[in-house]
Amino acid sequence: MEELSTMSLDQEIDQLYQLKPEAFTAARNELVKLLPASDRAAVKTLQKPTVPAWAVNQLYWQRRRAFKALVDAAERLRTAHAQQLAGRHPDIQAAERDHRDALKAAADEIREILKEAGEPASPLTMNAVTETLQALPGRADYGRLTKPLKPLGFEALSGLVRGGGATIARLADKRPPMPPPKPPAARSPADDKAAAKREAEAKKREQAEARRQAAERERDLRTATAEARTAAAELSRAEMALARVQRERKDLQTRLDELTSRRDELALEVDQKKKAAERASGEVERLKR
């Protein structure tokens, strides 16, 4: 079987992390078969990303502009905090506003990514996504996250005060480089066991969330079905009432027509009798003469 060159290994690993989580393990195992023996152990230990981590990875791979805007805004905010600790007066509010806007834009992009992939943007998933976005830039393995990150917060800068103003100034004036992704180092059997356990626990959590959402959809379906049945029954009752009213209206109209016809007949009869009485009266007057 043809083996891959060392030069293309990073690209192959990048491709793995662009796959959906359910396709990751099979694709990783296939990649291992194509690698030289020296690289197989490292690649074999690559972990499948959770859904939140995968979503943030796709922000890096698919929506790089939004990802970079967030990282740049986070670095500007951290620089502003460092400058403040150094005794300067940066515009903290403006930096926080820019970071907040970039964070919201990135979260909106991830919701679209999840929707396009057919993954639910559940509160649990989005909370983990938001925490990961807030933690950026905290590490260099962009696009290869396997689990959500936890924000460190800017309070970590407080320890630099004891190191002197020069240290803070260097942190404020020099942004850390972003080295290219590298394959993870080989792991021990204990690490593999712990990673497998974490992966199993994450899978259990995802399955529990999926079951919860399925149960919620089932409840919604039952509620909608019951409401539909109630509405159908009410519609049937309304239709029956309308039919009854229409029959009654028809009967009343028929009765009204009969009464109107009888009234006309009586009016004609009265008119005829009145004319006969007038003729009789005329004949009596004539006989009197």
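Every read-out reported here was derived from the displayed coordinates using simple, explicitly stated rules and does not represent laboratory data. Remember, it's a predicted structure, so these values are computed and weren't measured experimentally. Neighbour counts run over all protein chains shown; Cβ positions are idealised from the backbone, glycine included.
For this structure, a couple of remarks:
- Exceeding the 24 Å Cα-Cα cut-off - candidates K250/K274; K104/K147; K48/K193; K115/K147; K150/K203: K250/K274
- Charge sum, other residues only, whose C-beta stays under 12 Å from R279's C-beta, Lys/Arg counted +1 and Asp/Glu -1: +1
- Ordering of 201-211, 255-265, 59-69, 108-118 by burial proxy (mean other Cβ atoms within 10 Å per residue, highest first): 59-69, 108-118, 201-211, 255-265
- Charge dipole (Cα centre; +1 on Lys/Arg Cβ, -1 on Asp/Glu Cβ; no other charges) of segment 1-77 amounts to roughly 360 debye.
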